[in-house]
Structure formats: structure tokens, C-alpha cells
Amino acid sequence: MIVHLAGSLREPEVDAAYLRQIIEIIHDHGAVLAHNWLEATLARKKQDITIPDWTPYVEANIDAIKRSDVVIADLTHYTFAHGYIVAAALQYKKPILAVSRNPIDSHTASGISNTLFTYKHYVGNTDLRQIVDTFLTKNTVHTKDLRFNMFLTRQIFKYLEETSRETGKSRSEIIRALVKRKAEENHG
Amino acid sequence: MGNFTTQVHVTGSARQFSEDEPYLRAIMQAVYDSHAIVFRNWLDAATSRSKNNARDQDTDWEAILNDNIEAIKKSDLVIVEATQARFSQGLQAYTAARYKKPTLIITRNPVKGHFISGVAGKLITIKEYSTEDELRATVAKFIKQNTIPEKDLRFNMILDRRIYKYLRDTSYETGKNKSQIVRELLEKDIERRK
């Protein structure tokens with residue numbers, strides 16, 4: 001499973017410690033990060049290096065969201081970038097876990113009613129671990145293919161039989177191609 | 001300037017409201033001065049909330065967010081005052097671009113070296129300002145550049161023989177004129193992309 005992690009380093013040492021913990025939990029679940037930006041950003045901050053052009057970084061974030069199965073965002077500093085990334089994740093229909101050390105109950109993010117969006121307030125390492133752990137367990141997408149059984153009406157069965165004969169493709173293959181095409185249409 | 005019905009969604013942060021309010025009012029005035037309409041004038045409600053010391057936790061954020069998203073969808077242009085660079089401005093800027101709305105992000109803070117500078121693109125323009133006059137001029141220029149006149153527009157194009165023949169035959173079959181057939185095709189494509 002691929003996870004995109006978003007956050008900011010306004011208080012570099014404190015924020016990095018929590019983000020590292022999230023990464024550790026992600027790895028404990030056998031998942032990988034879509035884009036491991038934390039250590040490079042931290043090094044840049046320490047050396048006081050500013051990025052002259054942010055366009056590739058914004059694009060890399062959007063690309064990472066598209067490739068991910070789920071998104072975890074630490075909204076503690078509640079920035080423009082966080083809003084941008086959450087909106088993108090919702091567009092690409094990714095389950096999002098938003099965590100924050102500052103409660104967001106009286107902010108815009110608390111108005112997001114999309115079922116893909118989960119918000120949890122955390123105070124320290126222990127509850128952060130539990131929150132991220134629960135979210136990943138609930139949203140794990142297995143990397144291997146999944147078995148799926150379904151009932152078919154006579155009409156659909158007949159259609160699949162005929163199409164299978166005509167095209168030489170198996171019935172499952174025809175259904176998978178249909179679903180894949182529909183999913184691509186929906187995701188633009 | 002002609003008779004326009006351009007609708008503009010204006011958004012900003014209520015976090016440092018007393019500091020930002022004059023600039024937000026200047027944006028809205030510049031919209032009206034450009035013969036456009038502010039889609040959802042939330043400023044007076046926010047002023048009253050601020051005067052009455054209304055608590056943020058008593059606010060219906062879901063309704064506000066949904067109203068903002070709806071306003072973006074229905075507007076022709078979007079203006080984001082992003083000096084505070086908060087979550088809501090980022091969310092609305094992305095949403096505006098997603099719905100293909102020309103968007104102006106304006107801020108009193110330098111954007112160089114920040115995430116916000118990386119979101120500029122075909123539809124998103126980012127400008128810094130320091131005075132109300134500068135702000136008004138930027139907004140007016142943006143609206144002028146992106147205004148679509150109310151009346152229908154004349155459009156000429158070259159057709160190859162094949163397309164011309166198709167339009168002529170379809171016009172003959174359906175009784176519709178060729179322009180109508182092309183317009184309907186484009187409208188269908190617009191619907192499909194929604």
C-alpha cells in the first residue's frame with residue numbers, strides 16, 4: 001500500500017519528530033511512502049536554503065496523491081498547502097486522515113463532510129500512534145489481487161458468454177476492463 | 001465597458017479579520033467597479049459576527065464550506081485573498097482550478113520561497129500587493145482580462161471538406177442550421193466534462 005504524507009515543518013524539530021513517528025507506523029503496516037520528503041526538507045531548513053521555484057514540489061505532491069492509496073495530513077499548522085493537498089486528495093477520492101495537535105473544531109476543515117475525510121486531534125506520541133494505526137488497518141489495500149464473487153442475471157451472463165467467445169477474453173477480464181474504464185472516466 | 005454579468009467569488013480569511021477587512025472590502029468594490037457581481041457577499045455577515053464577538057465554535061462550518069464550494073462552481077472567476085495563507089484559502093484555490101475557473105490569488109506577503117508560489121498555472125495567477133490602490137488595480141485588470149461579454153460572440157473558423165459535408169448533410173437531415181449543430185456538439189462536450 002502507498003501512503004502520501006503531508007505536513008509542515010514550521011517548528012522543525014517538534015514537527016519532524018511526529019512526522020517520523022507517522023512514517024514508522026506506515027512502515028510497521030508494510031506500507032511505503034509515495035514521496036519521502038521529510039529528511040531532505042529538514043536538511044534544507046537547517047541550512048536555511050530556500051526553494052526558488054515551488055512548481056515542481058507542488059506537482060510532486062499532486063502526483064504523489066494520485067499514486068497513493070491513502071493520504072495522511074498533519075494539519076497542526078493549518079496552512080494554505082494543507083488545504084490545497086486535502087482538496088486534491090478529495091478530488092482523487094483518496095481516504096484522508098487529518099491529524100492535528102491544535103483542535104480544528106472551529107475552522108473550515110471541521111466542515112468537510114466527505115466520508116473519505118477523517119479528522120482526529122492528538123496530543124502526543126501515544127494517541128498519534130493509535131490514531132494512525134487504526135486508520136491504516138481500516139484502509140489497507142492489499143497489494144495482491146483480491147477474489148470477488150458476485151451474482152449475475154441471465155442477461156448479463158449471456159452477454160459475457162457471447163463477448164468472451166467473440167473477443168477471446170475471459171469473463172472476468174471483460175468485467176475488469178469495464179470497471180477500469182469507468183474508474184478512469186470518473187477520475188478524469 | 002459593456003453590459004457584463006460576470007460573477008466573481010471572493011474569499012479570504014476571517015482569522016485576522018480587523019486587519020484584512022479593509023482589503024477585502026477594496027476587492028469587492030473593485031469587482032463592482034468593474035461591472036461584475038460578487039457571487040456571495042459574506043463580508044457584512046463576517047463583520048457583524050466579529051462585532052458581536054461570535055465564537056468560531058458556534059459557526060456552522062459545514063454550511064459555510066458547502067456555500068463556498070457552490071459559489072466557486074457557479075462563479076465565472078475566483079479571487080482568493082491569501083495573506084494569512086490558511087487551509088481554507090488553499091482548499092478553495094485548488095477547488096477553483098479543479099472547476100477550471102480563472103483564479104487570482106493576492107497576498108500582502110512575499111510568495112517567493114513558499115508553497116503558494118508553486119500553484120500558479122494556466123488558470124491561477126498570483127500577485128503581491130501592498131496598498132489598496134495596487135490591490136484595486138490588480139483586481140480590475142484580472143476581471144477585464146477574464147470577462148466574458150453577456151451577448152453571444154461571433155466566431156469564425158475554417159472547415160475542411162469532410163466536416164463541411166457532414167454539417168451540410170446533418171443540417172439537411174435535421175432541419176437545424178450548421179452553427180446550431182456545432183453549438184450542440186460543444187454543449188454536449190461541456191456536459192460530458194462536468
In whole Hz, the Karplus estimates of ³J(HN,Hα) for the stretch A:121-126 (6.51, -1.76, 1.60; θ = phi - 60°; x where Gly or Pro) are 8, 10, 10, x, 4, 5
Would you calculate a helix-derived [θ] at 222 nm for the protein assembly as shown, using -39,500 (n - 2.57) for each DSSP H run of n ≥ 4 and dividing by the full residue count, to the nearest 500?
-> -16500 deg cm²/dmol
Order of B:Thr125, A:Thr108 under a 10 Å beta carbon neighbour criterion, fewest first = B:Thr125, A:Thr108
Give me Rg over Rh for the protein assembly as shown, both radii from the alpha carbons and Rh done the Kirkwood way, two decimal places.
-> 1.04
Relative to the longest principal Cα axis of chain B, at what angle does helix B:161-174 sit, 0 to 90 degrees, rounded to 10?
-> 90 degrees
For chain B, what mean projected area does the convex hull of the alpha carbons give, in nm²?
-> 14.2 nm²
Please report B:Asp76, A:Asp63, A:Asp53 as a ranked list, fewest other C-beta atoms within 10 angstrom at the top and most at the bottom.
-> A:Asp53, A:Asp63, B:Asp76
Restricting to Cα pairs under 8 Å and 6 or more apart, the percent relative contact order of chain A works out to 21 percent
Tell me, what HN-Hα J-couplings in whole Hz come from the Karplus equation 6.51 cos²θ - 1.76 cosθ + 1.60 at θ = phi - 60° for each residue of the stretch B:118-129, using x for Gly and Pro?
-> x, 8, 4, x, 4, 9, 10, 10, 10, 9, 9, 9
Point-to-point label distance, A:His27-A:Leu152, nm (Cα→Cβ direction, 7 Å offset) = 4.6 nm
Kindly put A:Phe151, A:Phe157 in sequence by how many other C-beta atoms sit within 10 Å of each C-beta, fewest to most.
-> A:Phe151, A:Phe157
Near the amide H of A:Val3, under 5 Å away, which other amide H atoms are found, from residues 5 or more places off or on another chain, if H is placed in the peptide plane?
-> A:Val32, A:Leu33, A:Ala34, A:Asp69
Other-chain or far-sequence residues with amide H under 5 Å of B:His9's (modelled H) = B:Phe39, B:Asp76, B:Leu77, B:Val78, B:Ile79
Hypothetical label at B:Arg25: residues of the stretch B:44-65 whose amide nitrogen lies under 18 Å (7 Å Cα-Cβ projection) = B:44-53
If only Cα atoms are counted, what is the Rg of chain A, and what is its Dmax, in Å?
-> 20.4, 68
Among A:Lys46, A:Lys158, A:Lys138, which one moves the most in a GNM of chain A with springs linking Cα atoms closer than 10 Å?
-> A:Lys158
Label-point separation in nm, A:Glu11 to B:Arg193, each point 7 Å along Cα→Cβ = 4.6 nm
Sorted by chain and number, the residues with a modelled amide H under 5 Å from that of A:Phe117, at a separation of 5 or more or across chains, are A:Ile96
Using θ = phi - 60° and the Karplus form 6.51 cos²θ - 1.76 cosθ + 1.60, what ³J(HN,Hα) does each residue of the stretch A:56-69 get, whole Hz, x for Gly and Pro?
-> x, 5, 5, 4, 5, 5, 5, 4, 5, 4, 4, 7, 7, 8
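Read-outs: derived from the displayed coordinates by stated rules, not from any lab. Keep in mind that what you see is a predicted model, and the values were worked out from it rather than measured. FYI the Cβ positions are ideal-geometry reconstructions off the backbone, even for glycines, and counts take in every protein chain you see.
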